1. Taking the simple approach of a point 7 Å from Cα along Cα-to-Cβ for both residue 254 and residue 294, what is their distance in nm?
2. Do you know the relative contact order of region 150-219, to the nearest whole percent, from alpha carbon pairs under 8 angstrom that are 6+ apart?
3. Normalised by the number of residues in region 7-102, what is the relative contact order in percent for Cα pairs under 8 Å and 6+ residues apart?
4. If you average the alpha carbon positions of region 41-70 and of region 168-225, how far apart do those two centres end up, in angstrom?
5. From the alpha carbon gyration tensor of region 69-209, can you work out the equivalent ellipsoid semi-axes (sqrt of 5 times each eigenvalue) and give them in Å, largest to smallest?
6. Lys and Arg at +1, Asp and Glu at -1: add these up for the other residues within a Cβ distance under 15 Å of residue 20 and post the number.
7. Ordered by residue, what ³J(HN,Hα) values in Hz, to whole numbers, does region 236-244 give under the Karplus form 6.51 cos²θ - 1.76 cosθ + 1.60, where θ = phi - 60° and Gly and Pro are x?
8. Let me test this: with uniform point scatterers at the alpha carbons of region 204-302, what is the Debye-based log₁₀ I(q)/I(0) at q = 0.11 1/Å?
Amino acid sequence: MGVPRPASHLAALADAAVPGLRPIGYAAALASPGDPFQTVHITGRDEKQWTVRVALSAGSGAAMELSDQLLRLLARRLPFAVPHIEGSLTTDDGCFVAVIPRLPGAPALWRDLEPESQHARAVGRAIAQIHTLDPRLIDEAGLPSYDADTYRARRLAALDRAAETGLVPTGLLARWERALEEVSLWKFATRVTHGPLEAAHVYYDEDGVAAITGWEEAALSDPAVDFAPLWALADRGTFDTVLETYAANAPDCADPHLERRIRLVGELQRITALMEAVSGGDQTLIDRRTAALRRLDEATQDDLSLLPPEVAGQRLTVVGDDYAVAQPVDPAQIEVVESAEYPAEDETVEIPLSGPTAADPSGEPPAEQPSSETPSSPVASEQEPRPTYDDAMYDEGDTQPVPQRPRASNE
């Protein structure tokens, strides 16, 4: 991983990459822990605004270069702006530097997006516009292309690698493996996808979505990928507004299990973040992301919302660290045992069920089970439970890069 440079250094690199830019001011953008890029905003001598992005690893640099080929194809096919590299160079230590004209608009946190708002609906339309692009554009740009089975296999392989670290709770491993092995969830057409759409990627103006950046993970993939950060961080009403608008604008993308996979992908982003921390050898970040996984494990212990209603409604039993469908019990095999060892007031003994359908020890009534009907649109039933997440579990993707006013370079 490369070392972040002073903003003044990046301004000088921008001047070298784009002859005549002549920076007169610069301001560093806020960064999240583990961010693969360093970003600085530049003002040129003609007052034109620029963004300088430095890849902090060879992999992120290659992804930025490759995605630029796709963005040149998308620029005339999407109603909002996308970045394009005006000039670039590679530093002596191998870091790729790209200079991009500043995109219009400004980002906002997902949690600040209001239900039924113009901007929430604009996000739903923008995602629909991405997902209805011609899939052949991905091949033309040389980007990854997966069918549903290949995508699922990659997720399972990633889960196996994470399990080998010993840092992922066994309850989460069982939860995710069960969802990944539930074949009915994985019958869908892959689409052109942006990659996990973070709040910092979407720029708004008074009319809606003005620009979308951060295309380094673009692929032909599961459309659920793009919604995952929004589902984890936005208000439930806001998420529903986005998904309903998406469904109305992308009728060919109808998928009854889309929201379940959105939840799954959102949770699996946690192991992606963990593996990045492990790869970078950052123990503080490893500890932080391991703690996030433990919180997720606690929040989802009794949650079956990743599974289709017809599967979630079955009584389950624990087998090792996993769940299995319990075998039906024949009433004729039940033996009645009379005993006088207990006082009269203890004649009725409450025996909790095993597995995730056990009664809550707090005495609260069990949550209502999801409807057995399969929804005909991507919008899931309101009766389905949604685990409670705290922002610290997903905070790396929700840092708003609030643009600062560039200061004079000689200050």
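Any read-out appearing in this document is the output of simple, stated calculations on the displayed coordinates, not a laboratory observation. Keep in mind it's a predicted model, so treat the numbers as computed, not measured. Glycine gets a Cβ as well: all are built from the backbone with ideal geometry, and neighbour counts include every protein chain shown.
1. 4.6 nm
2. This gives 24 percent for region 150-219.
3. Worked out over region 7-102, it gives 27 percent.
4. First find each Cα centre; the distance between them is then 23 Å.
5. Whole-Å semi-axes of the equivalent ellipsoid: 31, 22, 19.
6. Charge balance near residue 20 sits at -1.
7. 4, x, 5, 4, 4, 4, 4, 5, 5
8. -0.45
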